[in-house]
1. State all residues of region 187-222 that are under 23 Å from the mean Cα position of the chain (by Cα), part of a loop (DSSP other than H, G, I, E, B) and of a type in the set (Asp, Glu); if no residue qualifies, say none.
2. Might you check whether a residue that is in contact (Cβ under 8 Å) with a residue 24 or more places away in the chain and hydroxyl-bearing (Ser, Thr, Tyr) occurs anywhere in region 126-146?
3. Is region 159-175 home to any residue that is in a strand (DSSP E or B) and outside the structural domain of residue 58 (by TED's automatic domain parsing)?
4. Please indicate, with yes or no, whether at least one residue in region 235-242 is assigned to a helix (DSSP H, G or I) and surrounded by 24 or more Cβ atoms within 10 Å (Cβ to Cβ).
5. Within region 258-291, track down each residue that is in contact (Cβ under 8 Å) with a residue 60 or more places away in the chain and part of a helix (DSSP H, G or I).
6. Among 248, 254, which is crowded, with 24+ Cβ neighbours inside 10 Å, at pLDDT 95 or above and not in a helix (DSSP H, G or I)?
7. Cβ-Cβ distance below 9 Å, separation of 6 or more or different chains: which pairs start in region 76-87 with a residue that is polar (S, T, N, Q) and end on one that is surrounded by 12 or more Cβ atoms within 10 Å (Cβ to Cβ)?
8. Of the residues 316, 363, which is without any contact (Cβ under 8 Å) to a residue 12 or more places away in the chain, closer than 27 Å to residue 212 by Cβ and not in a strand (DSSP E or B)?
Amino acid sequence: MQVLVATLSIELETLPSDSRPVFLTGNFCKWLPDLEDYEMTMIAPGKYQFQFPEDLELPMPLEYKYTRGGWNQVELDHLGRPYGNRIITQPEGVIQDFVKRWQIDPLKKNSLAPIAEVLSETFEIPQLKRKRRVHVLLPHDYYENPEQRYPVLYMTDAQNLFGEGSPYGNWEIDKSLAELAKEHKAGVIIVAIDHGDEERINEFSPYDNPRLGKGLGSLFLRFVAETLKPHVDANYRTKPDRLNTGMGGSSVGGLLSIYAALMFPHVFGRLMIFSPSLWISQKVYFDAIHFFEPFETRIYLYAGGKEGANMLPNFEKFHKTLENQRFGYKRVQIKSSIDPEGEHKEEQWSKEFPIALKWLFFED
């Protein structure tokens, strides 16, 4: 092994949401994971730099890793598994690295809340020639179980689902998932897609409407099925088969989830349909008549009695249509829930979410 004088610097980029310090460790420091001399300097949120002293004799090849202060807080690969040793063969120049994920110290982590990541601030939707922010909520112990894989639920209206929510309200699914974790029923990856504000209804509606204009829901679902899902499956430890893939939403997002069941049954086997906007088009009932190929499927339907005069009649008509089509297909299960006092708002869907999630993914 050669030993050479260093003129070497390393630049690291990682997600800015983690405030823990970053250390270099390797065969140049006996692999000690938290030496003060090898703490990297943060030059901007998520960006770090380290310059090896010019008088330091470095072993070549140089092997190294990044830690957050211990071997229980090391860098992870894109699937959440320990990353292999990095290698440098030249003792000079600038090395640029990227770390997407980090192990969380189990002694310091006492929360059952899901781990929230931003998959992309500007995820490309080629089918619509637009971009959207996409979030991923991982089970709280995702990085502690690197061999485990999880079902995935894709959801619309991410702004209204967790964290601070939006002016319209908050489903608080992060709080629901933390409670469900106590029952060991939170082992689902949630992929939440931001809505497009004024473009929301057209993007989610699968049907044209004389008043609203052209429905782009079919293209949006093609984005989820053909573009987003392959990316998520490649970068997270998912169970990619249709029985472990769900679609969920409320209002026009609920209508979109109906269309996912009707037209993309080879992709989505679990549907969470809250307060669907069935008024947009009568064609949804016609499409439902042609639905059930003999795929095993679970559909959770919810509506409230105070969501307007037409909600419950439309909801019950659609439910009956599905039940009629289900005849003979015992592998299709439908659960319907109606709250006579339920209103068309996030607070109500927040109450229904944990009930629906448990039935869809964790109950026989």
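1. 194
2. yes
3. Yes.
4. no
5. Correct list: 258, 280, 283, 284.
6. Just a single option satisfies the conditions, and that option is 248.
7. 85/26; 85/27; 85/63; 85/64; 85/65
8. Result of the check over 316, 363: 316.
The values are calculated or read from the model by the stated rules, or taken from the named source; none is laboratory data. Predicted, not measured: the structure shown is a model, and the values here were computed from it. As a convention, Cβ positions derive from the backbone with ideal geometry for all residues, glycine included, and neighbour counts pool all protein chains shown.
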